[in-house]
């Protein structure tokens, strides 16, 4: 049969955002793929060069609607490195709690979006119902539900209010029960496993070379988590483990990538609990924060989607001279021809859904 | 390999200068453009930098600067005996008239789109790149907007 190109997107249920995936098919089998970006390009880096350092947290919040806190945090961390700002201990704990709550919300967003990809619309409602709980929690200290702007250079906007710990504990307890229910619903479901097992395989060596990080790499059994290996905030002092899964020796499939994220949610709950236990009293914002900076600095963090890195260059003025964002999904999408080849056209939603795409950060 | 031993070995390479260490786990070096390809091949094959994190292009007016970030994943480099993800930051300076450099996307698959982005927004040409097209901006767009001398059609008000 003659080979032909099919264009999926920019308006396609598979895409999760605005992008196009061109696939070359031979009958039903994928021969080649060519992802195309740019539909959502907002030139965030250029806009950042025109705004003052502290103004840019508004832009970073809007990089990814599913995990805005983690992106603001990555930016703030690199600017603090550039300006040599010392963050108070309590602020570090609050940040860690917020990051983990955001990770839970982000993974739930993903899980909810993944289920309709597999034809399981009810799953979306279950997961998004739980995401709502975490959005409510994130709203308590920050005041907003999607774009928080809570993490500031030098600390956090304000201290957490009284009763936040009890409220969080109630939600976590409920959510733990729900996760058990979901294990029966999805992991042990034959239909779910038929759709996801042995689909979209790539090996750990391949993934490292192609720049795939985060849960997608940990799904290959590789213990690589920047919260441990390039530790920031207080992750080093807490007791938690890197979660890995593998479909077979050194490779992942859609199911192992799903399971890694479920395991990570359990681990995030542990981290939040131990944070509350150890949290000291004290100020939540550094007393003096410079507005000008010289030199260059970068920090990387473990975003829910992989390695996020921000590289900031200052020229002595109050605005960044150059600000570069590394988005984990940018490289993961670029590698998609490697893990799509050889599968059927109908597997594309299952494979592309399993890598957790967020186009906001990818297109910058 | 211990990170200090790695620093010593890197110093011996041709074209390497200004070797320094940031935050214990990051090695920062300056590299000459001509020797870069051999150096990068060596870095990937013998020192275990499996992952190309980022390629950033900076317009320093008049020169361009490329900053490469590589990192280890499997713990081939250790810091004081503990397994950490060590990073290598490589600075390469390019002249404004000849913003070209050898592509490394044959060494790291992940570098492919980073190079395309640097080409798209900053106008750096990567020799030997398999598919050097614009990635974020549309085909046929004129100019490279992250260059400092790029002129906007509409003048924005200063914030």
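Quick notes on this structure:
- For the stretch B:29-62, filtering for residues that are more than 13 Å from chain A (Cβ to nearest Cβ) and farther than 17 Å from residue B:14 by Cβ leaves 1.
Per-residue answers, yes or no, for (1) away from every other protein chain (no Cβ under 13 Å); (2) modelled with pLDDT of 90 or more; (3) closer than 12 Å to residue A:152 by Cα; (4) not in a helix (DSSP H, G or I):
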site	(1), (2), (3), (4)
A:6	yes, no, no, yes
A:14	yes, no, no, yes
A:18	no, no, no, yes
A:24	yes, yes, no, yes
A:30	yes, yes, no, yes
A:40	no, no, no, yes
A:73	yes, yes, yes, no
A:80	no, yes, yes, no
A:91	yes, yes, yes, no
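Each row is one residue, and each column tells you yes or no for (1) within 11 Å of chain B (Cβ to nearest Cβ); (2) without any contact (Cβ under 8 Å) to a residue 40 or more places away in the chain; (3) touching a strand residue (DSSP E or B) at 6+ places or on another chain (Cβ under 8 Å).
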site: A:304; (1), (2), (3): no, no, no
site: A:310; (1), (2), (3): yes, no, yes
site: A:322; (1), (2), (3): yes, no, yes
site: A:326; (1), (2), (3): yes, yes, yes
site: A:359; (1), (2), (3): no, no, no
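- Single unsatisfied condition, residue A:220 versus (1) more than 14 Å from chain B (Cβ to nearest Cβ); (2) in a loop (DSSP other than H, G, I, E, B); (3) farther than 30 Å from residue A:93 by Cα: (1)
- Considering residues of the stretch B:2-49 that are closer than 11 Å to residue B:87 by Cα and free of Cβ contacts under 8 Å to residues at least 24 places away in the same chain only, the residue surrounded by the most Cβ atoms within 10 Å (Cβ to Cβ): B:21
- From the options A:286, A:297, residue that is more than 24 Å from residue A:357 (Cα to Cα), within 14 Å of chain B (Cβ to nearest Cβ) and surrounded by fewer than 22 Cβ atoms within 10 Å (Cβ to Cβ): A:297
- Whichever residue in the stretch B:51-75 is assigned to a loop (DSSP other than H, G, I, E, B) and free of Cβ contacts under 8 Å to residues at least 40 places away in the same chain and, among such residues, is surrounded by the fewest Cβ atoms within 10 Å (Cβ to Cβ): B:62
- Test for residue B:86: is it over 30 Å from residue A:46 (Cβ atoms), away from chain A (no Cβ under 11 Å) and surrounded by 22 or more Cβ atoms within 10 Å (Cβ to Cβ): no
- All of B:126, B:119 fail the test of being surrounded by 10 or more Cβ atoms within 10 Å (Cβ to Cβ), at pLDDT 90 or above, in a helix (DSSP H, G or I) and more than 11 Å from every other protein chain (Cβ to nearest Cβ), apart from B:119.
- Residues being away from chain B (no Cβ under 12 Å) and either in contact (Cβ under 8 Å) with a residue 40 or more places away in the chain or part of a helix (DSSP H, G or I) (or both) - total across the stretch A:187-213: 14
- Pair list, Cβ < 9 Å and 6+ apart or interchain, from the stretch A:174-186 residues that are under 12 Å from residue A:123 (Cβ atoms) to residues that are surrounded by fewer than 13 Cβ atoms within 10 Å (Cβ to Cβ): A:185/A:122
The values are calculated or read from the model by the stated rules, or taken from the named source; none is laboratory data. Model, not experiment: these values are computed from the prediction. Here the Cβ is made from the backbone with ideal geometry for all residues, glycine too, and neighbour counts use every protein chain on show.
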